[in-house]
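Undergrad: Would you mind keeping the following structure in view while I ask a few things?
Since every read-out is calculated from the coordinates, none of them should be taken as a lab result. Given the structure is predicted, the values throughout are model-derived calculations rather than measurements. All Cβ positions, even for glycine, are placed from backbone atoms using ideal geometry, and neighbour counts span all protein chains on display.
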Amino acid sequence: MEKIMETVAGLMALSARTAPKAVGQDFLQIKIITGQEIEQLANEMVRYGLESGRPNYDRDGENVRRSEAVLLLSLLNARNLGTNCGACGFPSCAAAEAARKEGEEFLGPTCAWRVLDLGIALGSAVKTASLLNADNRVMYRIGVVARKMNLIEGEIAIGVPLSATGKSIYFDR
């Protein structure tokens, strides 16, 4: 199943890449991991959860360990849209940029329109997984740890593990 799930992840990456983005600007980073990288990610997720005291990193890490592929998506160098709309919580794009700093898990603030771009790409990707009957689940915690491990670069990242079993391993956890 690993090769099939890697193919599914590739098709999900295609869906994410071609998803519409604000003013046609693409700051999306995409990576597919399989095999040993999945094991390393799972181990690091469990470790990070224990060391940080944050709940459910161990649970999600074990789900990742049982997955055949993981799709990683992030925003890298996502410039503000330049509309001064305030959706990010700052009165102007310049003010948001001046306040930009590394948080405990992500870099921010990030332009709300760019985060929407990431969300639309993520939705397109999981739609593709669903059409192909691949079990998947969007996991915030994967993105946190994958970014810390330098598996993917970017201000904000998210992961989607993939599996094909008789019953989805990502529910009834």
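Undergrad: With viscosity set to 0.692 mPa s and temperature to 37 °C, compute the Stokes-Einstein D of the stretch 90-146, Rh being the Kirkwood radius across alpha carbon pairs; µm²/s, no decimals.
TA: Numbers: Rh = 13.5 Å.
This corresponds to a translational diffusion coefficient of 244 µm²/s.
Undergrad: Another one. Pop out the ³J(HN,Hα) list for the stretch 146-156 in order, Karplus 6.51 cos²θ - 1.76 cosθ + 1.60 with θ = phi - 60°, rounded to Hz; leave Gly and Pro as x.
TA: Once θ is set to phi - 60°, the couplings for the stretch 146-156 become 4, 5, 4, 7, 6, 6, 8, 8, x, 6, 9 Hz.
Undergrad: Relative contact order for the stretch 76-173: what is it in percent, counting Cα pairs under 8 Å that are at least 6 residues apart? Present the calculation step by step, with values, prior to reporting the outcome.
TA: Working: 122 pairs, mean separation 24.1, N = 98.
Dividing the mean separation by the residue count of the stretch 76-173 yields 25 percent.
Undergrad: Per residue of the stretch 65-80, in order, report the coupling 6.51 cos²θ - 1.76 cosθ + 1.60 (Karplus, θ = phi - 60°) as ³J(HN,Hα) in whole Hz, putting x for Gly and Pro.
TA: 4, 8, 8, 8, 7, 9, 9, 10, 10, 8, 9, 10, 6, 6, 5, 4
Undergrad: Work out, in µm²/s and without decimals, the Stokes-Einstein translational diffusion coefficient of the stretch 1-135 at 10 °C, 1.306 mPa s, Rh from Kirkwood over C-alpha pairs. The partial results should precede the final answer.
TA: Working: Rh = 16.5 Å.
For the chosen part, D equals 96 µm²/s.
Undergrad: Relative contact order, percent, of the stretch 34-77 when contacts are C-alpha pairs under 8 Å separated by at least 6 residues?
TA: On the way: 42 pairs, mean separation 18.9, N = 44.
Over the stretch 34-77, the number comes to 43 percent.
Undergrad: Once the dipole of the stretch 41-173 is set up with Lys and Arg at +1 and Asp and Glu at -1 on Cβ about the Cα centre, which of N84, I152, I142 lies farthest towards its positive end?
TA: I142
Undergrad: Continuing with this model, one more query. Work out, step by step, the length gained on full extension between N150 and T34: first 0.36 nm times the residue separation, then minus their alpha carbon distance; give nm to one decimal.
TA: On the way: separation 116, 0.36 × 116 = 41.76 nm, distance 1.54 nm.
Difference between extended and current length: 40.2 nm.
Undergrad: At a Förster distance of 30 Å, what's the computed FRET efficiency of A98 paired with R66, Cβ-Cβ distance as r, to 0.05? Please list the in-between numbers first.
TA: Working: r = 44 Å, r/R0 = 1.45.
Working from the Cβ atoms, E equals 0.10.
Undergrad: Stick to the Cα atoms of the stretch 27-84, pair each with every other, and give me the Kirkwood hydrodynamic radius in Å at one decimal. Walk me through the numbers on the way to the answer.
TA: Details: mean 1/r = 0.0770 Å⁻¹.
Kirkwood hydrodynamic radius for the stretch 27-84: 13.0 Å.
Undergrad: Could you name the lysines in cross-link range of K3, using Cα to Cα under 16 Å and dropping any fewer than eight places away on the same chain?
TA: K31
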